[in-house]
Amino acid sequence: MLSRIDLRDQDLSARELLDVVPRADVNVGDALEVVEPIIEDVRVRGAEALRELGERFDRVVPEHLRVPEEALTEALATLDPAVRDGLEEAIDRVGRFHRATVPPPVDVELAPGAVVSQRWVPVGRVGLYVPGGLAVYPSSVVMNVVTAQAAGVPSIAVTSPPQREFGGLPHPTILAACALLGVTEVYAVGGAQAIAMLAHGVEDLCDPVDVITGPGNVYVAAAKRAVNGLVGIDSEAGPTEIAVIADSTATPRWVAADLLSQAEHDPMAGSVLITDSPELAEAVERELGDLADATKHLARTKEALTGRQSAVILTSGIDQSIAVADAYGAEHLEIHTAAPRAVAARIRNAGAIFVGEHSPVPLGDYLAGSNHVLPTGGTARFASGLGVTAFLKAVSFIDYSAEALAQVGEKVVALAEAEDLPAHGEAIKARLTD
């Protein structure tokens, strides 16, 4: 089912490995041509454009673009108790972890009377996108909202595509998760038009935000790229992906189950096994075939597993496996080896690392405590997963006394004159002579 890439006895450079690892064929740049007119239409025509675009893309005209509060209340009241219990556990764990990651303030006295401080200040308003389509993602509500709340953001808006079967409202489980978190500003708007609404604002409906976060399809990613700079964004999240580094000690059925777990998300999802054991690879493929045949979402799962973005990569040993994993830069990287912590400590590029056989990706998708909004498509080489700092700004405070300024004033003047900015120097001299 999975294609094979055999790297044994090959000494490939980092550059060559980047060319070898499998990737989904996703071009956000091409999608920009589609989304830019949509963004402009929403900017100019506002709510009227949102309704027309909802009918065009979601096949429904929402009666209410902003979800009435009574719909949120009803969704929570009718939520399956087992699902509510799971969401509450996720909210607790994700909240405790993310509150602990808020950077502390820093005060540094560089000299007597010369103090420079840094404070992390939350942005004023955020827009959080929760995808619809092939699946329902109340977990994305948790990951985005709880993180923004942990950062101290005072104004939070959530948007999710309208659903025909629910009268033009987002899925009730999405609404229930919002209600559980105390979010009352929720919109039945999806796709690029939702990103446009959040970035530009819509008169008498939605105020513009400062930051937009949340996963979505390639058109959502393209829309986020288009508005980046007008607002902040977290990332351009693409199709989900999992890589598993495994050796001969791994349990084949567990590895197969984990590869399958991400394949069911999307036909373009990537599932990659990196192993130095051909015997394990054979065993995993046998298990994967059995599991895939029994899965609910057989069509899209098989399309994902047989696509160019999924493969078994055979390596000559753990060192090459680690090199391949770093070149791939997986959104989710599992370590199924004899010494998983030691291997994990050597990994440089991954959105999140799941250490050992009892830390599977689905745990992180829901309630491990970490965030499941993670960099994809190899961007883990330079990007991080969603965290509180996506909603925080580092602001410096400079507090010098007259004596502290006098100590370095002539040095500032010398540097200003070296840069041919005499007025800079004069601003210092005025204080040194007065």
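None of the figures in this text is laboratory data; all of them are computed from the coordinates on show. None of the values given here were measured: they were computed from a predicted structure. Here the Cβ is made from the backbone with ideal geometry for all residues, glycine too, and neighbour counts use every protein chain on show.
At q = 0.06, 0.07, 0.10, 0.11 Å⁻¹, what log₁₀ I(q)/I(0) does the chain have when each alpha carbon counts as one equal point scatterer in the Debye sum? Treating every Cα as an identical point scatterer, log10 I(q)/I(0) equals -0.32, -0.42, -0.78, -0.90.
Only bridges with both residues in the chain count here: give the DSSP antiparallel percent, nearest 5. Walk me through the numbers on the way to the answer.
Details: 17 of 54 bridges.
If I count the DSSP bridges inside the chain, around 30 percent turn out antiparallel.
Here the chain is treated with +1 on each Lys and Arg Cβ and -1 on each Asp and Glu Cβ, and its dipole about the Cα centre works out to around 240 debye. For Val272, the amide hydrogen comes within under 5 Å of the amide hydrogens of Ile242, Ala243, Val244, Ala311, counting only partners 5 or more places away or on other chains and with H modelled in the peptide plane. Helices in the chain, meaning DSSP H runs of at least 4 residues, each add -39500 (n - 2.57). Divided by all residues, the mean residue ellipticity at 222 nm is -14000 deg cm²/dmol.
So what is the relative contact order for the chain, in percent, with contacts set as C-alpha pairs under 8 Å and at least six apart? Working shown, then result.
Numbers: 898 pairs, mean separation 92.1, N = 434.
Averaging sequence separation for qualifying contacts and normalising by length gives 21 percent for the chain.
For Asp234, the residues whose amide H sits under 5 Å from its own are Ile212, Gly214, ignoring neighbours fewer than 5 places away on the same chain, with H placed 1.01 Å from N.
Taking N as the number of residues in the stretch 28-237, what value does Rg over Cα atoms divided by 2.2 N^0.38 Å take? The partial results should precede the final answer.
Working: Rg = 18.3 Å, N = 210, 2.2 N^0.38 = 16.8 Å.
Cα-based Rg divided by the globular estimate yields 1.09.
Amide H to amide H distances under 5 Å link Lys393 with Val121, Val123, where only residues 5 or more positions off or on other chains count and H is placed in the peptide plane. Here the 3J(HN,Hα) profile of the stretch 105-112, calculated from phi with Karplus coefficients 6.51, -1.76 and 1.60 at θ = phi - 60°, is x, 10, 10, 10, 8, 7, 6, x Hz, Gly and Pro shown as x. This ranking places Asp19, Asp365 by how few other beta-carbon atoms lie within 10 Å of each, fewest first, which gives Asp19, Asp365.
Starting from the stretch 143-225, pick out the GluC sites (Glu not before Pro) whose DSSP state is loop and whose Cβ has at most 13 other Cβ atoms within 10 Å.
Details: sites: Glu165, Glu185, Glu203; in loops: Glu185, Glu203.
Passing both the DSSP loop test and the Cβ count: Glu203.
Using a cutoff of 8 angstrom between alpha carbon atoms and counting only pairs six or more residues apart, the relative contact order for the stretch 38-125 works out to 12 percent. The packing ranking of peptides 230-242, 90-102, highest mean first, is 230-242, 90-102, where packing means the average number of other beta carbon atoms within 10 angstrom of each residue.
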